[in-house]
Amino acid sequence: MEQSNVTITIKTLQRRAEATESMTQRAEGSLRREGEGWTLTYGESDEQMGEIRTTLQLEPGRAVLTREGALRTQMVFRKGEPYACRYATPYGELPMTLRTLRLDWELGAAGGSVFLIYKIELDGAIVGENRLRLTVKAKGERIWPIIWSRPPESR
């Protein structure tokens, strides 16, 4: 089993009717080869929520994101297939449905990238769109800045 210590740049863009927010953070983690895919594990820290452990399992055509700690959920992303889940926070649970619009990833022992676009539905109404871009580098390699561009509409 191949495993590397990695540095991850996490760029999120959340679009809601009332506002668009973006955030960039860095995390240390591990990247492990599993069958035809990869598992990326890293820790996040949020001032309001506390410590969160995130695991992203990637395989052809599918991703599973699991969060443990102050936030708890398991989200499955597969283009064209809605997924119902619960997002647990210290303030309560939120039932939601995810609709994956795009899932692209390219990873190897030295790192790579993951790009995910999905919509969130609450009670049958779309409340927003999230974009997640992870840039993964073997520990010690230079991390280049991420430049966001709108993906072609044809994808």
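So for the stretch 69-77 (the condition being under 19 Å from residue 126 (Cβ atoms), of a type outside the set (A, V, I, L, M) and at pLDDT 95 or above), does at least one residue qualify?
Yes: the stretch 69-77 contains one or more residues that are under 19 Å from residue 126 (Cβ atoms), of a type outside the set (A, V, I, L, M) and at pLDDT 95 or above.
Identify, from the list 133, 99, the residue that is out of contact with any Ser or Thr (no Cβ under 8 Å at 6 or more places or on another chain) and not polar (S, T, N, Q). Break it down stepwise before answering.
Details: 133 fails: out of contact with any Ser or Thr (no Cβ under 8 Å at 6 or more places or on another chain).
Unique residue meeting the criteria: 99.
From the list 108, 61, which residue is under 21 Å from residue 136 (Cβ atoms) and free of Cβ contacts under 8 Å to residues at least 12 places away in the same chain?
Every option except 108 fails the conditions.
Any idea which of 54, 89 is of a type in the set (S, T, N, Q), exposed (fewer than 14 other Cβ atoms within 10 Å of the Cβ) and either farther than 18 Å from residue 35 by Cβ or in contact with a helix residue (DSSP H, G or I) (Cβ under 6 Å, 6 or more places away or on another chain) (or both)?
The match here is 89.
Name the single residue, out of those in the stretch 98-114 being hydrophobic (A, V, I, L, M, F, W, C) and outside any loop (DSSP other than H, G, I, E, B), that is nearest to residue 83 (Cα to Cα).
Pass one, the stretch 98-114, residues hydrophobic (A, V, I, L, M, F, W, C): 98, 101, 103, 105, 107, 109-110, 114.
Add one more test, that the residue is outside any loop (DSSP other than H, G, I, E, B), and what stays is 98, 101, 103, 105, 107, 114.
Values: 98: 5, 101: 12, 103: 14, 105: 20, 107: 24, 114: 19 Å.
That would be 98.
The values are calculated or read from the model by the stated rules, or taken from the named source; none is laboratory data. Predicted model, so just to flag it, every value in this text is computed and none were measured. As a convention, Cβ positions derive from the backbone with ideal geometry for all residues, glycine included, and neighbour counts pool all protein chains shown.
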